[in-house]
1. What number of residues within region 141-152 satisfy the criterion of being open to solvent by less than 50 Å² (accessible area, probe 1.4 Å) and either in contact with a Cys (Cβ under 9 Å, 6 or more places away or on another chain) or more than 11 Å from the ligand (Cβ to nearest atom) (or both)?
2. Restricting attention to region 45-69, report how many residues are among the charged types (D, E, K, R), in contact with a Pro (Cβ under 9 Å, 6 or more places away or on another chain) and surrounded by 17 or more Cβ atoms within 10 Å (Cβ to Cβ).
3. Return yes when VAL155 is in a strand (DSSP E or B), within 15 Å of the ligand (Cβ to nearest atom), buried (at least 17 other Cβ atoms within 10 Å of the Cβ) and among the hydrophobic types (A, V, I, L, M, F, W, C) and no when it is not.
4. Give me the pairs: first residue in region 63-85 and within 19 Å of PHE185 (Cβ to Cβ) and among the hydroxyl-bearing types (Ser, Thr, Tyr), second residue in a helix (DSSP H, G or I) and open to solvent by less than 40 Å² (accessible area, probe 1.4 Å), beta-carbon distance under 8 Å, and six or more apart or on different chains, which are they?
5. I want to confirm something. Restricting to region 1-44 and keeping residues that are near the ligand (Cβ under 9 Å from one of its atoms) and assigned to a helix (DSSP H, G or I), which single residue is most open to solvent (accessible area, probe 1.4 Å)?
Amino acid sequence: MIKLGVLLSGSGSNLQAIIDAIAAGNLDASVALVVSSRPDAYGLKRAQAAGIPTVALSREVYNNQAAADELIANELNRANVNYVVMAGYMRKVTAPILNMFPNRVINIHPALLPSFAGAHGISDAWEYGVKVTGVTIHLANAEYDKGPIIAQEPVIILEDDTTETLEERIHAVEHELYPKVLQWFANDKVHLNEKTGKIDIL
Ligand code: GRF
């Protein structure tokens, strides 16, 4: 059983998928803490409804990233989390968190990295006109959206898609893939190969 700390900024549908997978017995984990970069994120309501302790950054703390990441790292440490799960966290994680949880910060990105990194993965892929996009789960490191890749799943862009229908299918894939990959962590299947810098799934 692994203990997760989830970082989010918005709706928290990925947090919900994790909560539901745990409740359904498909993920051997608990969510010990949810941290939101914004006090009005709907994800905080989902956490509270599931009885999970929450921390939200005040505007003052938010504006000072070094202080914010120091505070977040300490809260995650106090909650005894094993892994930090970024789920729609619209901020970079910096040294205080990365050093406290080396190779233990996981991010989900709504495109096939290294394509369409950044805050608008779905619409950037759509506007470029690619025929296949998808979802990437990777370890976060100091370089935004560039950490070693753990899992990817393609999503085909259909002739009659709109950004909305594409977005729905991407989210549906995310909600399946994130709990599945977290279960790999629970089973100790995910290993960073120090020689290649790549992830081996054992
Ligand atoms: C997801 O598409 C995730 O890939 C991206 O932000 C979105 C978060 O959605 N990083 P939600 O807050 O989990 O509903």
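The values are calculated or read from the model by the stated rules, or taken from the named source; none is laboratory data. If you're wondering where the values come from, they're calculated on a predicted model, not measured in any experiment. Ideal geometry is used to build each Cβ from the backbone, glycine not excepted, and the neighbour counts take in all protein chains shown. The area values use the complete protein model at the heavy-atom level, side chains included, leaving out ligands, DNA and RNA. Shrake-Rupley method; radii C 1.70, N 1.55, O 1.52, S 1.80 Å.
1. Qualifying residue count for the region: 4.
2. 1
3. The answer is yes for VAL155.
4. So the pair list comes out as TYR83/LEU182; TYR83/PHE185.
5. If we take residues in region 1-44 being near the ligand (Cβ under 9 Å from one of its atoms) and assigned to a helix (DSSP H, G or I), then TYR42 is most open to solvent (accessible area, probe 1.4 Å).
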